[in-house]
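What follows draws every value from the coordinates through simple rules; no lab data is involved. Please read these numbers as outputs of a predicted model, since none were measured by experiment. Note that each Cβ is placed from the backbone with ideal geometry, even for glycine, and that neighbours are counted across all protein chains shown.
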2 protein chains.
Amino acid sequence: MDERLKKQLDFSLEIDKEKNVFRQTHLSGGVRRENDAEHAWHMAVMAYLLREYANEEVDIGRVMLMCLIHDIVEIDAGDTYAYDQEGLITQKAREDAAKARIFALLPQDQGAELTALFDEFEANDTADARFAHAMDNLQPLLLNHSNDGGDWKEHGASAAQVYGRQEKTRLGSRLLYEEVIDPILKEHIRRGNLK
Amino acid sequence: MDERLKKQLDFSLEIDKEKNVFRQTHLSGGVRRENDAEHAWHMAVMAYLLREYANEEVDIGRVMLMCLIHDIVEIDAGDTYAYDQEGLITQKAREDAAKARIFALLPQDQGAELTALFDEFEANDTADARFAHAMDNLQPLLLNHSNDGGDWKEHGASAAQVYGRQEKTRLGSRLLYEEVIDPILKEHIRRGNLK
């Protein structure tokens with residue numbers, strides 16, 4: 001088999017491991033936690049359906065691909081909970097090492113392309129990245145809202161922390177921030193689910 | 001909240017259930033079965049990386065979206081194993097009812113769009129659908145190959161059955177059929193994993 005194809009298949013098998021990286025978010029119904037592959041799938045579908053609410057024009061194919069690959073580094077680096085202060089300190093170094101190893105499995109051109117797309121997501125300074133970040137925040141919030149804010153209660157998350165993170169949603173979609181995120185957070189503050 | 005946005009969010013939450021639909025395929029390592037959301041995510045990433053091997057030019061954004069949504073009907077209809085002869089008889093009726101219910105949760109235009117995309121996948125007579133089908137077949141084959149053909153052994157699948165299904169892969173990508181699928185199947189026949 002051609003070396004290029006072999007590398008593409010090796011990478012394809014490697015990313016199967018993303019299904020074993022579990023997040024803090026629980027599926028709706030609360031029975032078990034969600035894994036990164038499920039989260040990425042859900043974000044990509046939501047990005048397509050909600051693209052009309054992006055602040056700026058986006059290339060939806062790129063946004064979907066960005067959603068699909070944005071957590072691949074967690075195969076090595078693990079999931080870092082958004083409100084885990086200690087984990088956040090080492091997150092960048094862990095994810096950089098993972099990025100170098102995993103994308104190097106691909107043919108050089110494709111490894112460089114996905115690395116650049118991953119970096120663009122992280123830097124969050126393009127329209128596509130900002131809208132992908134909005135989905136990265138909205139998707140778990142919808143699940144957590146359906147579970148009466150269980151993930152926030154479990155971790156004792158504060159309203160200030162959650163609002164801080166959701167600022168990124170506003171950068172990608174003011175409408176989703178104002179019509180969805182903000183009313184949901186206010187409701188959970190009122191119900192005592194967010195400190 | 002606007003009625004259109006409410007419908008989009010209701011649908012977004014509904015499809016979370018796809019993570020609870022488990023397939024016969026096991027993840028690499030064999031510890032547990034794969035669910036539909038994970039499978040769809042994996043197929044979409046592979047479609048992007050392997051698009052250079054499609055027999056015909058494809059619109060990769062459409063192919064990825066088709067991969068992402070092609071199993072949503074299984075939320076109601078359940079997964080039908082490719083070699084389950086009894087299940088295959090009732091599959092169409094179960095999936096038609098599911099399609100009508102689930103896509104009707106969306107605003108009319110988006111429900112119609114995703115229904116058409118789902119139908120295009122099922123009919124398998126466009127370049128995009130044929131390449132998506134190739135991914136639908138190649139992805140579980142890679143996992144099963146990594147598990148020494150465990151899924152075939154568990155179900156007593158025959159070489160004739162598997163070759164029959166993989167004909168669809170050839171329609172989407174002759175190269176992947178000839179360079180990947182066929183050599184893998186021959187190896188498992190030789191090792192006695194396929195009857």
**Request:** Per DSSP H run of at least 4 residues, take -39500 (n - 2.57); add these up for the protein assembly as shown, divide by its residues and hand me the 222 nm value, nearest 500 deg cm²/dmol.
**Result:** -20000 deg cm²/dmol
**Prompt:** What ranking, highest mean first, results for peptides B:110-118, B:140-148 when packing means the other Cβ atoms within 10 Å averaged over each residue?
**Reply:** B:140-148, B:110-118
**Asked** Looking only at region B:73-112, which residues have a backbone nitrogen under 15 Å from a spot 7 Å from the Cα of A:L175 in the C-beta direction?
**Response** B:107-110
**Item:** Radius of gyration and Dmax over the Cα atoms of the protein assembly as shown, both given in Å
**Value:** 20.7, 65
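Can you quote the Å³ per residue value for the convex hull of the Cα atoms in region A:61-168, rounded to an integer?
109
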**Isotropically averaged projected area of region B:15-113, using the convex hull of Cα atoms (one quarter of hull area), nm²** = 7.8
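Which net charge results for the neighbourhood of B:R190, defined as the other residues with beta-carbon distances under 15 angstrom from its beta-carbon, given Lys and Arg at +1 and Asp and Glu at -1?
Result for the local shell: +1.
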**Asked** From the square roots a ≥ b ≥ c of the eigenvalues of the alpha-carbon gyration tensor of region A:1-70, which class results: rounded (a/c under 1.5), prolate (a/b over b/c), or oblate?
**Response** oblate
**Fill in**
Computed over region B:80-140, the Cα gyration tensor eigenvalues, each multiplied by 5 and square-rooted, give semi-axes in Å (largest first) of 22, 18, 9
**Asked** For the protein assembly as shown, with the dipole built from +1 on Lys and Arg beta-carbon atoms and -1 on Asp and Glu ones, taken about the Cα centre, which of B:A47, B:H133, B:A37 lies farthest toward the positive end?
**Response** B:A37
**Message:** Need one value for A:141-150: mean number of C-beta atoms belonging to other chains within 10 Å of its residues' C-beta atoms.
**Reply:** 1
**Distribution of pairwise C-alpha distances over chain B, 10 Å bins, in %** = 9, 34, 37, 16, 4, 1, 0
**Message:** Please report the spacing between the Cα centers of region B:40-66 and region A:1-46 in Å, no decimals.
**Reply:** 16
**Item:** FRET efficiency for B:D119 and B:E86, using Cβ-Cβ distance with R0 set to 25 Å, rounded to 0.05
**Value:** 0.55
**Request:** Quick one: order B:V21, B:V31, A:V45 by neighbouring beta-carbon count within 10 Å, fewest to most.
**Result:** B:V31, B:V21, A:V45
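Return the average number of partner chain Cβ atoms within 10 angstrom of each residue Cβ along peptide A:44-57.
Mean shielding count: 4.
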**Asked** For A:T25, which sequence-distant residues (separation of 5 or more, or a different chain) have an amide H within less than 5 Å of its own amide H, given hydrogens modelled in the peptide plane?
**Response** A:E34
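Let me check I've understood the local charge: for A:A123, count other residues with C-beta under 15 angstrom from its C-beta, Lys and Arg +1, Asp and Glu -1. What total comes out? Before the final figure, lay out each step's value.
Details: positive: A:R62, A:K92, A:K99, A:R130, A:K168; negative: A:E95, A:D96, A:D119, A:E120, A:E122, A:D125, A:D128, A:D136.
With Lys, Arg at +1 and Asp, Glu at -1, the net is -3.
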